[in-house]
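The structure appears right after this line, and notes come after that.
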Amino acid sequence: MSRILIIGPAWVGDMVMAQVLFRLLKQQDPDCVIDVMAPAWSGALTDRMPEVPQRIDMPLGHGKLDIGVRRQIGHTLRGRYDQAIVLPNSFKSAFVPFFAAIKKRTGWRGEMRYGLLNDIRSLDKATYPLMIERFAALAMPRESMLPDPLPWPQLSINTHERQKTVQKFSLSVDKPVLALCPGAEFGEAKRWPERHYATVASEVISKGQQVWIFGSANDAAVADKIIALLPENQRATCISLGGKTSLGEAIDLLSLANAVVTNDSGLMHITAALDRPLVAVYGSSSPQFTPPLSKRAAIVRTGIACSPCFKRQCPLQHRDCLEKLEPAQVLNALRKVCA
């Protein structure tokens with residue numbers, strides 16, 4: 001029985017996509033034990049991944065080097081693992097497996113990590129254009145072909161815990177639920193305008209549905225703007241959960257949605273892994289790299305010449321890739337994914 005330590009990503013969407021790696025490892029060796037070291041918030045995801053029985057919280061924040069702490073963590077893990085797989089490409093992310101003296105330390109070359117990794121791979125982006133393919137390749141022997149199809153992420157839901165969350169927020173599922181995820185931690189160049197979200201919300205409310213708005217504390221003001229843009233008689237049917245739920249609670253509630261409209265964000269990847277009907281709005285980013293991994297997803301984008309630019313802020317200061325993406329396109333896509 002092999003024991004494998006995964007150094008996990010620091011972004012929600014990337015952690016969801018990392019489940020492809022976990023599932024491949026289990027397909028190759030059902031008896032292997034997978035532990036994931038990642039930020040504490042990721043427990044809401046790994047707890048819903050049956051392939052991961054244990055997580056190890058990384059106490060250092062994103063971007064912090066602190067070699068001393070990484071050495072100390074590594075020393076506490078010595079003798080426990082046969083292999084480490086390092087998913088981030090940063091130099092610092094390879095220190096813990098190195099200090100843990102794990103015999104096989106696998107990862108992409110990244111920031112020149114010779115010595116820290118000893119099963120180091122050189123990435124050919126043309127061979128592996130998708131993020132999930134880059135994760136999946138690290139589960140395979142060097143130079144081997146990826147399985148086709150890849151096993152997509154699938155999050156598990158505890159229905160008892162979900163019902164407790166519904167009661168906690170005094171929610172009802174008597175009417176169909178459209179979930180809106182208008183945030184994007186990466187930056188505003190991935191955020192569809194609030195007025196467009198409000199138009200979509202108003203349309204579905206007028207047809208007898210309700211709307212739940214999800215997001216982090218940073219998105220609470222965005223949710224409030226969307227509600228304020230609705231006709232006054234519709235506002236009570238649009239509920240803001242932005243900044244109110246934990247990540248785990250948001251996952252459980254999203255699993256109840258009849259459909260979801262979302263920017264390219266971590267919640268988009270969560271929705272796909274929950275197999276909910278999904279419309280994903282792309283602006284500065286590209287579905288050619290991190291698409292929603294679901295057969296029930298539709299992608300909408302303008303495809304203008306300057307998109308994708310992969311910038312946090314629009315370098316041309318017009319955000320036309322999002323401003324000119326009309327609500328009618330999203331509503332039409334919603335009808336199709338819900339048909």
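The values are calculated or read from the model by the stated rules, or taken from the named source; none is laboratory data. Since we're looking at a predicted model, the values are computed, not measured. Note that we place each Cβ from the backbone using ideal geometry, even for glycine, and neighbour counts take in every protein chain shown.
Numbers below:
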item	result
PRO97 being of a type outside the set (Phe, Trp, Tyr), in contact (Cβ under 8 Å) with a residue 40 or more places away in the chain and not in a loop (DSSP other than H, G, I, E, B)	yes
Pair list, Cβ under 7 Å, 6 or more apart: region 1-16 residue farther than 20 Å from LEU130 by Cα, other residue aromatic (Phe, Trp, Tyr)	ARG3/TYR81; ILE4/TYR81; LEU5/TYR81
Residue within region 60-80 that is among the polar types (S, T, N, Q) and within 18 Å of GLN154 (Cβ to Cβ) present	no
Single unsatisfied condition, GLU111 versus (1) within 21 Å of ASP14 (Cα to Cα); (2) among the charged types (D, E, K, R); (3) at pLDDT 95 or above	(3)
Matching residues in region 12-32 - criterion: being surrounded by fewer than 19 Cβ atoms within 10 Å (Cβ to Cβ) and either of a type in the set (A, V, I, L, M, F, W, C) or touching a Leu at 6+ places or on another chain (Cβ under 7 Å) (or both)	CYS32
Only listed residue being of a type in the set (Phe, Trp, Tyr), under 23 Å from LEU24 (Cβ atoms) and more than 21 Å from the chain's Cα centre (by Cα), chosen from TYR114, TYR81	TYR81
Within region 123-155, considering residues that are assigned by TED's automatic domain parsing to the domain that holds LEU21 and over 19 Å from ILE6 (Cα atoms), the one nearest to the chain's Cα centre (by Cα)	LEU130
Residues of region 264-291 that turn out to be in contact with a strand residue (DSSP E or B) (Cβ under 6 Å, 6 or more places away or on another chain) and surrounded by fewer than 24 Cβ atoms within 10 Å (Cβ to Cβ), as a count	3
Test: residue in region 165-177 that is closer than 29 Å to ILE7 by Cα and of a type outside the set (Gly, Ala, Ser)	no
Every pair of residues 6+ apart whose Cβ atoms lie under 7 Å, when the first sits in region 128-157 and is under 24 Å from ASP275 (Cβ atoms) while the second is part of a loop (DSSP other than H, G, I, E, B) and among the hydroxyl-bearing types (Ser, Thr, Tyr)	MET131/THR290; ARG134/TYR128; ILE157/SER255
All positions within region 93-105 that are buried (at least 18 other Cβ atoms within 10 Å of the Cβ) and not hydroxyl-bearing (Ser, Thr, Tyr)	ALA94, PHE95, VAL96, PRO97, PHE98, PHE99, ALA100, ILE102, ARG105
Listing of helices (runs of 4 or more DSSP H) fully contained in region 19-81 that carry 2 or more residues being modelled with pLDDT of 95 or more and polar (S, T, N, Q)	19-28, 67-76
ARG162 being among the basic types (Lys, Arg) and within 27 Å of PRO50 (Cβ to Cβ)	yes
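Residue-by-condition table, conditions (1) surrounded by fewer than 19 Cβ atoms within 10 Å (Cβ to Cβ); (2) of a type in the set (Ser, Thr, Tyr):
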position	(1), (2)
THR46	no, yes
PRO53	yes, no
PRO59	yes, no
ILE67	yes, no
GLN72	yes, no
ALA84	no, no
ARG109	yes, no
TYR114	yes, yes
ASP119	yes, no
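Residues are listed down the side, and each one gets a yes or a no for (1) of a type outside the set (Gly, Ala, Ser); (2) more than 21 Å from the chain's Cα centre (by Cα):
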site: THR245; (1), (2): yes, no
site: SER265; (1), (2): no, no
site: SER285; (1), (2): no, no
site: ALA297; (1), (2): no, no
site: THR302; (1), (2): yes, yes
site: CYS306; (1), (2): yes, yes
site: CYS314; (1), (2): yes, yes
site: GLU323; (1), (2): yes, yes
